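The values are calculated or read from the model by the stated rules, or taken from the named source; none is laboratory data. This one's a predicted model, so the numbers in the text were calculated from it and none came from an experiment. Virtual Cβ from ideal backbone geometry, glycine too; neighbours counted across all protein chains shown.
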Amino acid sequence: MRVTRSQIVLRGLSNECPNCGSHTLFKAGTRFTINPRCGACGLSIDRGDGFFLGAFVVNYTVTVLVFVVPAMVLYVSGVLGLTTAAVVAGAGALFVPVLLYRCSWSWWLMGYFLFLPQKLPNNRTELAEDREE
Ligand SMILES: [Zn+2]
């Protein structure tokens with residue numbers, strides 16, 4: 001494979017296109033508008049109906065596991081009072097997803113192509129060349 005799984009992970013962690021490594025996941029000058037395709041290699045980033053749900057699940061999971069649950073645990077263990085824990089958890093539930101929006105798209109694409117690396121255009125070409133031999 002031309003694009004290895006380790007490259008997919010590194011590109012996913014640095015918000016790069018999993019196929020070519022360009023910073024083209026989002027439209028230039030915007031914070032929340034995903035490109036339908038990579039401007040450098042043509043990889044389909046928004047892959048159709050419901051694909052965005054993967055990024056949504058990644059964002060929700062990270063927010064709950066890293067922010068909301070720890071606030072609840074701190075309340076149950078007596079470190080935080082109820083009001084403080086509720087405010088911290090509520091504020092986290094509102095603002096952390098906004099902050100993680102770009103990362104959640106990149107992490108979702110990383111997970112998707114980590115399990116299906118043959119779907120990357122750079123890897124498909126190599127497979128087609130293998131069949132010709
Ligand atoms: Zn690309």
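Name the single residue that is nearest to L100 (Cα to Cα) among those in the stretch 2-23 being among the aliphatic types (A, V, I, L, M) and within 13 Å of the ligand (Cβ to nearest atom). It would help to see each step written out before you state the result.
First pass over the stretch 2-23, keeping only residues among the aliphatic types (A, V, I, L, M): 3, 8-10, 13.
Still in the list and also within 13 Å of the ligand (Cβ to nearest atom): 3, 8.
Working: V3: 26, I8: 19 Å.
Across the stretch 2-23, the extreme among qualifying residues is I8.
Being among the small types (G, A, S) and over 20 Å from P121 (Cα atoms) is the filter here, so list the residues in the stretch 15-36 that pass it.
Pass one, the stretch 15-36, residues among the small types (G, A, S): 21-22, 28-29.
Scanning the stretch 15-36 gives A28, G29.
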Pairs only if they're at least six apart or on different chains, beta carbon under 8 angstrom, first in the stretch 48-62 and among the hydrophobic types (A, V, I, L, M, F, W, C) and at pLDDT below 95, second crowded, with 17+ Cβ neighbours inside 10 Å and assigned to a loop (DSSP other than H, G, I, E, B); list them, first residue then second.
-> V62/L100
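Report whether or not F26 is modelled with pLDDT under 95, within 16 Å of the ligand (Cβ to nearest atom) and on the phi < 0 side of the Ramachandran plot. First the steps, then the outcome.
Values: modelled with pLDDT under 95: yes; within 16 Å of the ligand (Cβ to nearest atom): yes; on the phi < 0 side of the Ramachandran plot: yes.
So F26 fits the description; yes.
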Close pairs from the stretch 22-39: first within 18 Å of G12 (Cβ to Cβ) and among the charged types (D, E, K, R), partner within 13 Å of the ligand (Cβ to nearest atom) and outside any loop (DSSP other than H, G, I, E, B), Cβ under 8 Å, at least 6 apart | R37/S44
Failed condition for Q7, given (1) modelled with pLDDT under 95; (2) surrounded by 13 or more Cβ atoms within 10 Å (Cβ to Cβ) | (1)
Do we have any residue at all in the stretch 45-56 that's over 28 Å from C17 (Cβ atoms) and not acidic (D, E)?
-> no
Taking G39, is it within 16 Å of the ligand (Cβ to nearest atom), within 19 Å of the chain's Cα centre (by Cα), within 17 Å of N123 (Cα to Cα) and of a type outside the set (S, T, N, Q)?
-> no
